[in-house]
Structure formats: C-alpha cells, structure tokens
1. Given the condition touching a strand residue (DSSP E or B) at 6+ places or on another chain (Cβ under 9 Å), closer than 20 Å to PRO294 by Cβ and of a type outside the set (D, E, K, R), answer yes or no: does some residue in segment 207-222 qualify?
2. Among the listed residues ARG175, ARG206, which satisfies the condition of being at pLDDT 90 or above, loosely packed, with under 12 Cβ neighbours inside 10 Å, in contact with a helix residue (DSSP H, G or I) (Cβ under 9 Å, 6 or more places away or on another chain) and not aromatic (Phe, Trp, Tyr)?
3. Looking at the structure I just gave you, is ASP311 in a loop (DSSP other than H, G, I, E, B), within 23 Å of MET189 (Cβ to Cβ) and either at pLDDT 60 or above or of a type outside the set (Gly, Ala, Ser) (or both)?
4. Out of all the residues in segment 115-126, is one or more over 40 Å from the mean Cα position of the chain (by Cα), among the hydrophobic types (A, V, I, L, M, F, W, C) and part of a helix (DSSP H, G or I)?
5. Yes or no: ARG212 assigned to a loop (DSSP other than H, G, I, E, B), modelled with pLDDT of 90 or more and more than 15 Å from ILE302 (Cα to Cα)?
6. SER120 fails exactly one of the following numbered conditions: (1) in contact with a His (Cβ under 9 Å, 6 or more places away or on another chain); (2) farther than 25 Å from GLY34 by Cβ; (3) of a type in the set (S, T, N, Q). What is the number of that condition?
7. For segment 151-167, give me each residue that is at pLDDT 80 or above, surrounded by 11 or more Cβ atoms within 10 Å (Cβ to Cβ) and closer than 28 Å to TYR56 by Cα.
8. Do we have LEU112 as in contact (Cβ under 8 Å) with a residue 12 or more places away in the chain and in contact with a strand residue (DSSP E or B) (Cβ under 9 Å, 6 or more places away or on another chain) here?
Amino acid sequence: MEERLQYFLIHQPAISGSLREHRLFGPLDCGKEGTPWHKVVADAHYPGESQVRFSYFCSDDRAEGDDSAAIPFSKAILNPKDALLLGAKGRYLWFRLELIGKDKELPVINQLKIYFPRFSYLNYLPALYQQDKDSADFLERFLSLFGTFLEDMDGRIEHSPRMLEPASLSGDPLRWLAQWLGMKIKGPMDDQKIRRLIAAAPEIYRFRGTRRSIELLIEIYTGTKPIIVEYYQYKHLLRYEGNKKWLTELFGGDPHCFCVLLYSWELTGDKPSRGTALEEAYAVVTSILEEQKPAFTEAKVIIVKPWICLDGHSYLGMNSFLQEPSSFVLDDNAQIPYNTMLTDL
C-alpha cells in the first residue's frame, strides 16, 4: 500500500528582477532502511520561461547529508508536476529546488508531496513483462501515467466524507449540500447562514408545518425572529364589540389565518438600498410561508414600521415607547416631549 509523507509548503519569494535561488530540504526519514521512494507531486505554477529544477539523493546513512555541498544529487527534473523518483532508495531523502525566474515571471510552489514506498502497476502484470530491464523500465513509467489518474480518484473517494461536512465546505459545494437535503437557497445567503440552515434541517423537518419550524426558517433566512399571531391568541378579545373592528382590521379575524410580523429596521439594517432589501426579505418570507404553512390555512406577512400609525400596527415596546412628560405644554391637558418636531402640512 502506498504511504504518504508529509508535504512542504514553499512560498514564492517576494522579490523583483531576476531570480536564481537554491533551496535544500531534508533529510526526510521514512523510518526503514532500503526503502524505495516512489514519486514527487507538485502543486505549482511555472509562468513564462520560469523554471523549477528538482533533484534528490537517498541514503541509509544520515551522516552523508551533513556536507550539503558534497551531496551527489540526481539529474534534475524540470518543472515537476508528477514525476517518479527513479533509483531513489534508502531511509533518508534529501532534495534540492533550484528556482529560476525573471521580472514578474516567478515560479510558485504551493506544496510538494513525496510518496513512499515505491509502487508500480507493473507488479500486477505477469513476470514476463519484467524480464527485459529496458522494456520493464519503459512500461513502468508508462503505467505510472495511468496510476496518477487512479491515485487522484482514490484520493477524492477517500476524502469524499468532507463533501458532507458543512464546516469544511463553502460556496457552490455548500449550496449543493443544502439542496441535497431539500433546503432551498432563497435570496442572498452567505455561507454562515447556509451552514446554520443545514444544521437545523432535522428540526425543520421534524416540526414541518408548525409554528416552531416557520419561526426557525424565517429567522435563519432573514436574521430576525418573527412574531407570529394566531387566531386563538386574540379570539377571546373578539367577544367585546369595541375590539372586534380593530382586531379584524389588523389580523383579519379568520380562524384559519395567521399573521407573521417582522421589524422593517431589522430586515434592512444599514443596507444602502433599504427599499430593495425590504422587498427581497418580503419575497423570501412569503415563499417560506407558501411552502411551510399547514394545509387549508392562509398566512399574512406584516412589516412593522419604526413609527406610530394610529389604527395601524403600533406596539408598545416594539415601534413605540413611553417617555416621561416634559414641561413643553400645549394646553392644560396635553404635553409633548422635547424631541417632538411640529410641522405644517
């Protein structure tokens, strides 16, 4: 089985003009003498005429690398992407990078991965294919091309559980996961909201069609918790004739209708285009209610404005509050606070 060694992250030097630099790494210790090293895989970019030359040396004696100038490195591999380490055998491995660039055309190496022990698809073929050394060498290198594709596929399969972990996803894969769970993306939603939506999916399905599910969905999508008013909450007030008219005007008076109240200032926040933001939030909430409301019921969305409107949706502690009286007296019976503005209409 192929084993993976740690990889090294090498940043592009932040310099301008010409570049020619040598970097030595190692020794890498695989822990076993006589180990045949497999290959090097580079996540790199070589713009224009820039180059990276990769050379290596293996030995079972760690002391052979003490004098870096005397290390007999292999023939350099030019601009490696996926290259076999031919003849690399030993417990310790040293490698050297020579970076060559000019002006803004500098090579970039994000990471290198050194694989061990040696693995060859030639081992799966009959021994006949290994009898001739030259032919076996060519066939091994040829099969390694296909091995790269298979190893990449194995790697994706091995790490496929990450595709089901919201914390490790972002962007389109995260949206795909939400849709896979039946969660629709409505309006502009950032990754944090989508992760919260996915985490709440079991609870949403468990209480689907109930007040709890609707409150949770609206809070996730809009960022504000709604106030839901159902008929049973004000039914007892309808017995008084004086209440019946205004309650019917505010909430409809239909036993099969419920109202969802949202604060306009929480929906828009500091957004410059508040009108557009309010329209988007209204459309999202309406869509949620159409999908989540119980059968044979109606839902009404009410946007509570940040001011008092007589005979309208004015609620103490929400969009209105009481203040201490001031000495600004209009007559013997009426007072207005200092921060009141009077205008002619």
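1. Pass one, segment 207-222, residues touching a strand residue (DSSP E or B) at 6+ places or on another chain (Cβ under 9 Å): 211, 214-215, 218, 222.
Imposing the further condition that a residue be closer than 20 Å to PRO294 by Cβ reduces the set to 211, 214-215, 218.
Filter again for of a type outside the set (D, E, K, R), leaving 214, 218.
Yes, because at least one residue in segment 207-222 is touching a strand residue (DSSP E or B) at 6+ places or on another chain (Cβ under 9 Å), closer than 20 Å to PRO294 by Cβ and of a type outside the set (D, E, K, R).
2. On the way: ARG175 fails: loosely packed, with under 12 Cβ neighbours inside 10 Å.
Sole residue among the options that is at pLDDT 90 or above, loosely packed, with under 12 Cβ neighbours inside 10 Å, in contact with a helix residue (DSSP H, G or I) (Cβ under 9 Å, 6 or more places away or on another chain) and not aromatic (Phe, Trp, Tyr): ARG206.
3. Working: in a loop (DSSP other than H, G, I, E, B): yes; within 23 Å of MET189 (Cβ to Cβ): no; either at pLDDT 60 or above or of a type outside the set (Gly, Ala, Ser) (or both): yes.
In short, no.
4. Applying the first criterion (over 40 Å from the mean Cα position of the chain (by Cα)) to segment 115-126 yields 122-126.
If we keep only those that are among the hydrophobic types (A, V, I, L, M, F, W, C) as well, we get 122, 125.
Still in the list and also part of a helix (DSSP H, G or I): 122.
Yes, segment 115-126 contains at least one residue that is over 40 Å from the mean Cα position of the chain (by Cα), among the hydrophobic types (A, V, I, L, M, F, W, C) and part of a helix (DSSP H, G or I).
5. Details: assigned to a loop (DSSP other than H, G, I, E, B): no; modelled with pLDDT of 90 or more: yes; more than 15 Å from ILE302 (Cα to Cα): yes.
So ARG212 does not fit the description; no.
6. Here SER120 clears every test but (2).
7. ASP154, the sole residue that qualifies.
8. Working: in contact (Cβ under 8 Å) with a residue 12 or more places away in the chain: yes; in contact with a strand residue (DSSP E or B) (Cβ under 9 Å, 6 or more places away or on another chain): yes.
Yes: the conditions hold for LEU112.
The values are calculated or read from the model by the stated rules, or taken from the named source; none is laboratory data. None of the values given here were measured: they were computed from a predicted structure. Please note: Cβ atoms are built from the backbone with ideal geometry, for glycine as well, and neighbour counts cover all protein chains shown.
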